[in-house]
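So the structure is just underneath, and the comments pick up after that.
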Amino acid sequence: MEKSPLIKVKGFFFSIFAGLDRQLGLILLGLAAVGFFTFLSASQNTPVQIAEELRNLALSFVVMWIVSRIPPKWLEMGAVWIYGFGVALLIAVAAFGLIKKGARRWLNIGVVIQPSEIMKIAMPLMLAWYFQRREGIQKNWDYAVAAIILAIPVFLIARQPDLGTALLVFAAGLYVIILAGLPWKWILPFVVLGVIGILLIIIFGSTICAHDVVWPLVHNYQKHRVCTLLDPTSDPLGKGFHTIQSMIAIGSGGFFGKGWFQGTQAHLEFIPEKHTDFVFAVFAEEFGFLGNLVLIVLFFALIKRGLTISVSAPTLFTRLLGGAISLIFFTYAFVNIGMVTGLLPVVGVPLPLLSYGGTALVTLGFGAGILMSIHRHRRLVQS
C-alpha cells in the first residue's frame with residue numbers, strides 16, 4: 001500500500017533530525033529564541049536588519065546539522081590539516097592582512113575572512129588528536145609539547161592585536177590539556193601567581209595606572225581597559241562609558257525588568273554595541289533579575305548536556321574534544337557577562353546565540369555540531 005504524502009513528509013522530517021540529541025537541540029533553540037527576541041529590541045536604531053539575524057541563526061543551525069553528520073573519526077583524521085591551515089592563514093594575516101581600526105585581523109581571499117575564528121575549533125581538535133595518539137604512552141613532556149602547539153596560534157592572534165579571541169583560543173586549548181590529565185601540582189602555582197597578580201593590581205591600581213607608567217608586553221589600550229575596570233569613573237565619558245552605562249541598565253531592570261522594548265538605556269542610545277557585545281545589558285534591563293536567572297539556567301543546561309555527552313563518548317579524542325567545546329560555551333558566557341557587569345575588562349567576546357554576528361554564530365554552530373556528532377555516532381556504535 002502506497003504511503004500518503006503526509007506520512008512521506010513526516011518520515012522525511014524525522015530522517016533529517018534522526019540521531020540528533022533532543023535535549024541539546026531544545027536548549028539551543030531556547031537560547032536562539034531568547035536571542036532573537038532580544039535582538040528585535042536591541043537592534044532598534046541600528047543599520048542591522050532582522051533578515052540578517054534570521055539568516056545568521058539559520059546558517060548556524062545548518063552548519064550544526066552538517067557537522068553532526070560528520071563521523072568523529074573524520075574530524076580526528078583532519079585535525080592536523082585544519083590546525084596547519086589555520087596557522088598558515090594566521091601567518092598570512094601577519095604578513096599582508098587587512099588593517100581595520102588599527103588591528104590586522106582579516107585576510108582577503110576573494111572574500112574577507114577572520115582566520116583567528118578557525119582556531120577556536122582547530123585548537124581543541126589538534127590537541128585532542130595529539131593526546132589520542134599518545135594514549136597509553138603519555139609522558140609529562142607531552143604537556144610541554146601541547147603547550148607549544150597552543151602557544152603558536154595564541155601568540156599570532158595576540159599580536160594582531162585581538163586579546164578577546166586570543167583568550168578564547170587559549171582557553172579552548174587549556175581545557176583539553178587539563179582534561180588530558182595535567183597534574184594539579186602544576187596548575188596550582190599558576191593559579192596562586194594569578195591571584196597574587198590580581199590582588200597587587202587592585203591594591204596598587206592608582207600607582208600602576210598612572211599615565212607615565214608603561215606596562216611591558218601590553219598595548220596602551222589593553223592597559224586602559226584594565227585600569228578602567230578598577231575605576232570606571234576615572235574616565236566616565238571615555239573608556240569607562242561602556243561599563244558605567246551597562247551597569248546602570250542592569251541595575252535599573254530590577255527583579256522583573258522594565259518590559260520588552262521598554263529599556264531606556266538601550267533605546268536612548270546610552271549602551272554602545274547594544275546588539276553585539278553588550279546585548280546582555282539590554283536583556284537584563286528589559287527582563288530583570290528573573291530573566292537573567294532563566295538565561296543563566298539555559299547556559300548551565302547547555303554546558304551540563306555537553307559535558308554529559310562528552311563523558312559517555314567512546315574514545316579519548318571525542319571525550320577531550322566534547323569537554324573542551326562544552327567549556328568553550330561556558331567561557332563565552334562567563335567572559336561576556338563578566339565584562340558587561342563590570343567584573344572583567346572589556347573584550348570583544350560575544351554572548352552565544354544572543355549577540356549579533358555571523359562569524360561567531362557559525363563557529364558556535366560548528367561546536368554544537370561536534371557535540372551532536374559525538375552523540376549521534378556513539379549511538380550508532382552502540383546499536
- Answer residue from region 109-156, given it is touching a Leu at 6+ places or on another chain (Cβ under 6 Å) and farther than 22 Å from residue 317 by Cβ and is modelled with the lowest pLDDT among those: 113
- Query: Quick one: in region 335-377, which of the residues that are small (Gly, Ala, Ser) and closer than 17 Å to residue 292 by Cβ is surrounded by the most Cβ atoms within 10 Å (Cβ to Cβ)?
  - Reply: 355
- Task: Could you grab the pairs with beta carbons closer than 9 Å, sequence gap of 6+ or different chains, first residue in region 213-226 and under 19 Å from residue 244 (Cβ atoms), second one loosely packed, with under 12 Cβ neighbours inside 10 Å and of a type in the set (Gly, Ala, Ser)?
- Result: 221/102; 224/238
- In region 87-108, is there at least one residue being assigned to a strand (DSSP E or B), surrounded by 11 or more Cβ atoms within 10 Å (Cβ to Cβ) and among the small types (Gly, Ala, Ser)? yes
- Message: If I ask for residues that are hydroxyl-bearing (Ser, Thr, Tyr) and either crowded, with 23+ Cβ neighbours inside 10 Å or part of a helix (DSSP H, G or I) (or both), which ones from region 296-334 would you list?
- Response: 308, 310, 318, 326, 331, 332
- Item | First in region 158-173 and over 23 Å from residue 326 (Cβ atoms), second anywhere and polar (S, T, N, Q) and crowded, with 21+ Cβ neighbours inside 10 Å, Cβ under 8 Å, 6 or more apart | 160/116; 162/116
- Quick one: residue 259 ticks every box in (1) assigned to a loop (DSSP other than H, G, I, E, B); (2) surrounded by 14 or more Cβ atoms within 10 Å (Cβ to Cβ); (3) not charged (D, E, K, R) bar one, so which box is it? (2)
- Query: Looking at (1) assigned to a helix (DSSP H, G or I); (2) under 27 Å from residue 180 (Cβ atoms), can you tell me which one residue 337 breaks?
  - Reply: (2)
- (1) touching a Ser or Thr at 6+ places or on another chain (Cβ under 7 Å); (2) over 18 Å from residue 81 (Cα atoms); (3) among the aliphatic types (A, V, I, L, M): which one isn't true of residue 192, the others all being true? (1)
- Message: I need every pair where a residue in region 310-338 that is closer than 16 Å to residue 135 by Cβ has its Cβ under 9 Å from the Cβ of a residue that is among the acidic types (Asp, Glu) and surrounded by fewer than 23 Cβ atoms within 10 Å (Cβ to Cβ), sequence separation at least 6 or different chains.
- Response: 315/76; 315/135; 316/135; 317/76; 317/135; 318/76; 321/76
- Filter region 267-281 down to the residues that are out of contact with any Phe, Trp or Tyr (no Cβ under 9 Å at 6 or more places or on another chain) and assigned to a helix (DSSP H, G or I), then identify the one that is surrounded by the fewest Cβ atoms within 10 Å (Cβ to Cβ). 280
- Task: Give region 278-294 a look and list any residue that's farther than 13 Å from residue 260 by Cα and among the aromatic types (Phe, Trp, Tyr), or say none.
- Result: 278, 280, 289
- Filter region 325-383 down to residues that are closer than 24 Å to residue 285 by Cβ and touching a Gly at 6+ places or on another chain (Cβ under 6 Å) and give me whichever is modelled with the lowest pLDDT. 348
- Message: Can you say whether residue 100 is charged (D, E, K, R), free of Cβ contacts under 8 Å to residues at least 60 places away in the same chain and within 30 Å of residue 249 (Cβ to Cβ), as far as the supplied structure shows?
- Response: yes
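Got a number for residues in region 202-248 being assigned to a helix (DSSP H, G or I) and surrounded by 11 or more Cβ atoms within 10 Å (Cβ to Cβ)? Don't jump to the end; show me each part of the working.
At the first step, the residues of region 202-248 found to be assigned to a helix (DSSP H, G or I) are 202-203, 205-208, 220-230, 232-234, 241-248.
Those still in the list that are surrounded by 11 or more Cβ atoms within 10 Å (Cβ to Cβ) too: 205-206, 208, 221-230, 232, 234, 241-248.
Residues in region 202-248 being assigned to a helix (DSSP H, G or I) and surrounded by 11 or more Cβ atoms within 10 Å (Cβ to Cβ): 23 in total.
Has region 118-138 got any residue that is farther than 24 Å from residue 333 by Cα, touching a residue at least 40 places away in the same chain (Cβ under 8 Å), of a type in the set (Asp, Glu) and surrounded by fewer than 21 Cβ atoms within 10 Å (Cβ to Cβ)? Reasoning before the result, please.
So in region 118-138, the residues farther than 24 Å from residue 333 by Cα come out as 129-138.
Filter once more, so that each one left must be touching a residue at least 40 places away in the same chain (Cβ under 8 Å): 129, 131-132, 135, 138.
From what's left, of a type in the set (Asp, Glu): 135.
Narrowing the set further to residues that are surrounded by fewer than 21 Cβ atoms within 10 Å (Cβ to Cβ) leaves 135.
There is at least one residue in region 118-138 that is farther than 24 Å from residue 333 by Cα, touching a residue at least 40 places away in the same chain (Cβ under 8 Å), of a type in the set (Asp, Glu) and surrounded by fewer than 21 Cβ atoms within 10 Å (Cβ to Cβ).
Go through region 68-86 residue by residue and tally those that are assigned to a loop (DSSP other than H, G, I, E, B) and among the hydrophobic types (A, V, I, L, M, F, W, C).
Of the residues in region 68-86, 1 are assigned to a loop (DSSP other than H, G, I, E, B) and among the hydrophobic types (A, V, I, L, M, F, W, C).
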- Message: Between a residue in region 248-274 that is over 21 Å from residue 350 (Cβ atoms) and any residue that is crowded, with 17+ Cβ neighbours inside 10 Å and aliphatic (A, V, I, L, M), which pairs come within a Cβ distance under 8 Å, given they are 6 or more apart or on different chains?
- Response: 257/284
- Task: Working only within region 270-303, note down all residues that are β-branched (Val, Ile, Thr) and farther than 27 Å from residue 47 by Cα.
- Result: 294, 296, 297, 303
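The values are calculated or read from the model by the stated rules, or taken from the named source; none is laboratory data. If you're wondering where the values come from, they're calculated on a predicted model, not measured in any experiment. Here the Cβ is made from the backbone with ideal geometry for all residues, glycine too, and neighbour counts use every protein chain on show.
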